[in-house]
Amino acid sequence: MTRTRQERIRLGVIFILVILFFAAAVARLIHLQVYEHDRYSSIVEKQSSGRVSIPAERGLIYDRNGRLVAKNVIGSSLYAYPSDDAQLRAAGAFLDKYLHLTPGEAITKYKLDVDRFRWIKRRLNDAEAKQLEKMTVPGLYLRYESQREYPFGTVGKQILGFTDIDNIGQSGFELYYDSLLTGKNGFADIRRDGLNKTYRIKEEALVKPLAGNSLVLTVDWRMQDIVEEELRKAVDTFGAQRGMAVFVDCNTGDIVSIAHYDPSDEDREKPTKLRALNDQFEPGSVFKVFTAAGVFDAGIVDFNRRMDCENGAWRLKGHTLHDDKKHGMLTFREIIELSSNIGIAKWAIEVDGDDMFKVYKRFGFGKRLRCGLPGEASGRLVPPGKWSDYNIAAAAMGHSIAVTPLQLASAMAAVANGGDLLRPHVILGHVDAEGRVRRDIDRPVINRVVQNASLDSLKAFLRGVVERGTAKVVNSEVVSIAGKTGTAQLPDTVNKVYFQNKFVATFAGFFPAENPTIAGAVILIDPQPIHYGGLTSGPAFRRIAERYALVNAGLLSFPEKSFDEKDRPTDSTTTAPNLVGASQEFAQELAEERGVALRTTAAEGTVVWQYPPPGRMVYKGDEMLVAVSQPGDSVMRMPDMTGLGLRKASAFLNFAHVRYAVKGTGRVVSQSIKPGDSLANDSTCLVECEQPL
């Protein structure tokens with residue numbers, strides 16, 4: 001087809017125009033990308049990005065058994081970051097309406113400005129966050145941030161303390177170890193979408209944040225819960241102003257529990273003081289334990305010698321010492337068991353004031369023990385300018401001396417472990433990059449408390465205090481307890497005298513008495529009307545020891561056998577075989593070879609746990625309890641515990657991580673979780689027991 005001359009001219013013109021258009025476009029692109037690149041890149045960067053800090057995730061805190069006691073949760077917060085005046089006005093107008101402010105108030109209140117980061121509202125609830133996500137206001141954004149949460153509520157909060165809204169420690173462990181827990185913040189560019197109207201932003205890390213260290217405490221949160229509950233009950237029951245308690249591991253110095261209860265505390269979610277560290281008091285007669293240790297160390301104790309206790313009143317250098325009861329001639333053991341002020345004073349005078357003072361110092365009194373928590377007091381232990389018989393006597397029975405609950409528990413632990421004063425500490429270790437716990441400290445011995453004597457006799461005396469002396473109500477059928485009572489008058493600091501009707505009631509001791517594991521002290525300030533330590537603090541100590549022993553079967557002291565069975569001849573004994581790792585069938589054969597029976601959680605599978613443990617002495621004909629893992633079934637099953645002793649039953653429940661409550665004593669007669677049922681980590685079992693007829 002031939003085109004006319006006019007058509008060819010038109011096509012030529014169109015072609016030239018197209019060429020010119022594309023040439024202009026290419027020229028413009030070259031101009032923008034080459035000559036104007038820096039200018040327009042800056043405009044785009046300003047409108048679509050900004051730099052903000054990325055907070056590091058705070059380290060987690062675990063208890064000694066791996067329970068997470070301080071964790072982080074993710075929540076939404078609203079902030080402003082307007083990139084120009086238009087966004088500034090839009091954000092301000094929206095906030096005025098949303099927050100019910102007067103027009104223009106939001107910009108002033110929150111100090112909003114172009115290219116300035118400003119928090120508007122932190123830790124939004126879920127409803128607020130969802131509502132704001134649906135809206136699009138230029139210059140306002142939602143951001144996810146980490147928030148601290150304590151899964152056990154107020155339990156242990158006096159130890160942990162709390163953080164502020166920026167996750168900075170404000171008290172307790174969170175404050176003291178803030179630099180370790182905090183980590184190192186990173187930095188990020190924020191990127192908006194093309195419309196510049198979205199709350200969802202992408203933070204591109206320029207410097208990645210480094211998470212804080214996760215730490216493991218020595219505290220057992222089960223024990224902490226028990227101590228706080230029993231302390232609260234004791235304060236309420238005996239009308240005390242407040243109560244304090246500390247329990248430590250005798251052999252490592254680990255602080256297992258430390259708490260106070262003061263009804264006047266206003267905010268239990270944000271505690272600022274731990275009285276078991278901060279408060280100091282006159283110990284009274286419980287201090288005789290350490291005086292007795294000094295007498296033993298001096299090598300002057302004659303167990304057959306009787307000291308005249310003056311029938312309850314002894315005139316000494318213008319002062320009169322009194323005993324609570326009238327005593328005549330008492331042996332050294334009877335002086336401790338019956339808590340004679342006069343008797344212990346006479347023994348201390350024979351030793352000498354300077355030597356006794358050195359012993360008290362070796363027990364850690366008068367100085368901070370540096371346990372790793374803030375606010376620890378040093379107590380008061382100041383020697384007089386010149387020792388007189390009365391000064392020696394007063395110190396011997398715990399007068400003119402001030403101690404802290406932590407010092408008292410640590411000193412009692414030194415007696416229990418045979419003479420090593422261990423530095424109490426609250427950090428067990430840290431969690432490494434592979435998730436394993438690394439212990440940071442091993443048995444930190446401060447010094448030996450005695451140099452020339454064994455403390456075995458003193459420990460036996462303290463058991464006698466509970467069995468025959470001033471603390472008979474502390475005696476327990478569940479766990480054997482040894483310790484000492486103390487009842488001291490509260491000082492009137494205004495008039496510089498002692499109150500005649502206000503007292504400090506104390507019991508300090510350890511358990512099990514025959515193989516000490518836990519030492520501690522319970523102190524009640526001004527209990528009324530009963531003020532004796534043996535009748536107030538002592539029962540609280542006993543209940544704590546019993547409840548803790550029930551969740552730690554190795555501490556239990558009540559017999560597994562009925563009385564007629566205990567008299568069987570020793571040639572009917574054997575040792576428990578090691579069954580762990582064996583098949584159920586092979587385990588049965590091993591048990592039969594030793595003459596013992598098996599009670600299993602399943603008919604077939606592999607043995608993963610046994611009680612009694614391998615090597616322990618058992619009677620032939622006894623029944624061993626074993627947990628069996630079945631092929632293809634990762635769930636642990638509940639055995640039939642009927643007829644089992646409580647020690648054996650509680651040992652299995654602890655192994656299976658089952659919470660349980662015990663009603664009665666003796667052997668199991670019923671269980672709330674049926675035999676064969678699967679056990680979840682949150683299972684709770686009620687175990688009812690009765691004494692055999």
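The values are calculated or read from the model by the stated rules, or taken from the named source; none is laboratory data. Note that the structure is predicted; figures quoted are calculated from it, not measured. Don't worry about glycine lacking a Cβ; one is built from the backbone with ideal geometry, like all the others, and counts go over all protein chains shown.
Screening the stretch 143-178 for residues that are among the acidic types (Asp, Glu) and closer than 27 Å to Arg232 by Cα and picking the one that is surrounded by the fewest Cβ atoms within 10 Å (Cβ to Cβ) gives Glu149. Kindly evaluate Arg659 against the criterion of being of a type in the set (D, E, K, R) and more than 28 Å from Asn65 (Cβ to Cβ). Here the answer is no, as Arg659 does not meet what is asked.
Looking only at residues of the stretch 387-420 that are touching a Pro at 6+ places or on another chain (Cβ under 7 Å) and part of a helix (DSSP H, G or I), we find that the one that is farthest from Pro283 (Cα to Cα) is Ala416. If you go through the stretch 381-403 one residue at a time, do you hit one that is under 18 Å from Val248 (Cα atoms) and without any contact (Cβ under 8 Å) to a residue 60 or more places away in the chain? No, every residue in the stretch 381-403 fails to be under 18 Å from Val248 (Cα atoms) and without any contact (Cβ under 8 Å) to a residue 60 or more places away in the chain.
Looking only at residues in the stretch 349-366 that are in contact with a Phe, Trp or Tyr (Cβ under 8 Å, 6 or more places away or on another chain) and over 15 Å from Ala411 (Cβ atoms), which one is surrounded by the fewest Cβ atoms within 10 Å (Cβ to Cβ)? In this case the residue turns out to be Asp354. Just so you know, in the stretch 525-560 the residues that are in a helix (DSSP H, G or I) and modelled with pLDDT under 90 include one that is farthest from Asp225 (Cα to Cα), and it is Gly554. Those helices (runs of 4 or more DSSP H) of the stretch 127-193 in which at least 1 residues are in contact (Cβ under 8 Å) with a residue 40 or more places away in the chain and acidic (Asp, Glu), considering only elements entirely within it, cover 172-176. Only a single criterion out of (1) within 32 Å of the chain's Cα centre (by Cα); (2) part of a loop (DSSP other than H, G, I, E, B); (3) surrounded by 19 or more Cβ atoms within 10 Å (Cβ to Cβ) is not satisfied by Val69, namely (2). Any idea how many residues of the stretch 306-327 are of a type outside the set (A, V, I, L, M, F, W, C) and in contact with a strand residue (DSSP E or B) (Cβ under 7 Å, 6 or more places away or on another chain)? Residues that pass the stated criteria total 5. Taking the stated definitions as given, is Pro424 in contact with a Cys (Cβ under 7 Å, 6 or more places away or on another chain), under 15 Å from Val248 (Cβ atoms), buried (at least 21 other Cβ atoms within 10 Å of the Cβ) and modelled with pLDDT of 95 or more? So Pro424 passes the test.
Here is the figure for the stretch 476-517: residues that are without any contact (Cβ under 8 Å) to a residue 24 or more places away in the chain and part of a loop (DSSP other than H, G, I, E, B) total 5. Quick check on Leu590: is it touching a residue at least 40 places away in the same chain (Cβ under 8 Å) and at negative phi? Criteria not met by Leu590.
Based on this model, can you work out whether Val580 counts as at pLDDT below 90, within 16 Å of Ala651 (Cβ to Cβ) and buried (at least 16 other Cβ atoms within 10 Å of the Cβ)?
Details: at pLDDT below 90: yes; within 16 Å of Ala651 (Cβ to Cβ): yes; buried (at least 16 other Cβ atoms within 10 Å of the Cβ): no.
Judged against the criteria, Val580 is not a match.
Would you mind finding the one in Ala409, Ala377, Ala396 that is in contact with a helix residue (DSSP H, G or I) (Cβ under 8 Å, 6 or more places away or on another chain), closer than 30 Å to Ser214 by Cα and small (Gly, Ala, Ser)?
Working: Ala409 fails: in contact with a helix residue (DSSP H, G or I) (Cβ under 8 Å, 6 or more places away or on another chain); Ala396 fails: closer than 30 Å to Ser214 by Cα.
Exactly one of Ala409, Ala377, Ala396 is in contact with a helix residue (DSSP H, G or I) (Cβ under 8 Å, 6 or more places away or on another chain), closer than 30 Å to Ser214 by Cα and small (Gly, Ala, Ser), namely Ala377.
Let's see how each residue does on (1) farther than 20 Å from Ala86 by Cβ; (2) loosely packed, with under 13 Cβ neighbours inside 10 Å; (3) modelled with pLDDT of 85 or more:
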{"residue": "His100", "(1), (2), (3)": "yes, yes, yes"}
{"residue": "Gly104", "(1), (2), (3)": "no, yes, yes"}
{"residue": "Thr108", "(1), (2), (3)": "no, yes, yes"}
{"residue": "Leu112", "(1), (2), (3)": "no, no, yes"}
{"residue": "Arg116", "(1), (2), (3)": "no, no, yes"}
{"residue": "Lys130", "(1), (2), (3)": "yes, yes, no"}
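Taking the criterion of being surrounded by fewer than 19 Cβ atoms within 10 Å (Cβ to Cβ) and under 17 Å from Thr684 (Cβ atoms), the residues of the stretch 655-670 that qualify are Phe655, His657, Arg659, Ala661, Lys663, Ser670.
Strands (runs of 3 or more DSSP E) fully within the stretch 236-331 that include at least 2 residues being surrounded by 20 or more Cβ atoms within 10 Å (Cβ to Cβ) and modelled with pLDDT of 95 or more: 242-249, 255-261. Residues in the stretch 627-642 that are surrounded by fewer than 21 Cβ atoms within 10 Å (Cβ to Cβ), modelled with pLDDT under 90 and either in contact with a helix residue (DSSP H, G or I) (Cβ under 7 Å, 6 or more places away or on another chain) or not polar (S, T, N, Q) (or both): 5 in all.
Being of a type outside the set (Lys, Arg), surrounded by 10 or more Cβ atoms within 10 Å (Cβ to Cβ), over 30 Å from Asp225 (Cβ atoms) and at pLDDT 80 or above is true for just one of Phe94, Phe15. Which residue is that? Before the answer, list the steps.
Details: Phe15 fails: at pLDDT 80 or above.
When all the criteria are applied, what remains is Phe94.
Being closer than 18 Å to Ala549 by Cβ and not in a loop (DSSP other than H, G, I, E, B) is the filter here, so list the residues in the stretch 216-230 that pass it. Let's see the steps before the verdict.
First pass over the stretch 216-230, keeping only residues closer than 18 Å to Ala549 by Cβ: 219-230.
Listed by number, the residues that qualify are Trp221, Arg222, Met223, Gln224, Asp225, Ile226, Val227, Glu228, Glu229, Glu230.
No other residue among Leu369, Leu406 is buried (at least 22 other Cβ atoms within 10 Å of the Cβ), touching a residue at least 60 places away in the same chain (Cβ under 8 Å) and out of contact with any strand residue (DSSP E or B) (no Cβ under 6 Å at 6 or more places or on another chain) apart from Leu369.
For Val607, are the conditions met, namely being crowded, with 18+ Cβ neighbours inside 10 Å and at pLDDT below 85? Explain how you work it out, then say what you get.
On the way: crowded, with 18+ Cβ neighbours inside 10 Å: yes; at pLDDT below 85: no.
So Val607 fails the test.
The residues on offer are Leu140, Leu181, and the sole one that is buried (at least 18 other Cβ atoms within 10 Å of the Cβ) and closer than 22 Å to Arg370 by Cβ is Leu181.
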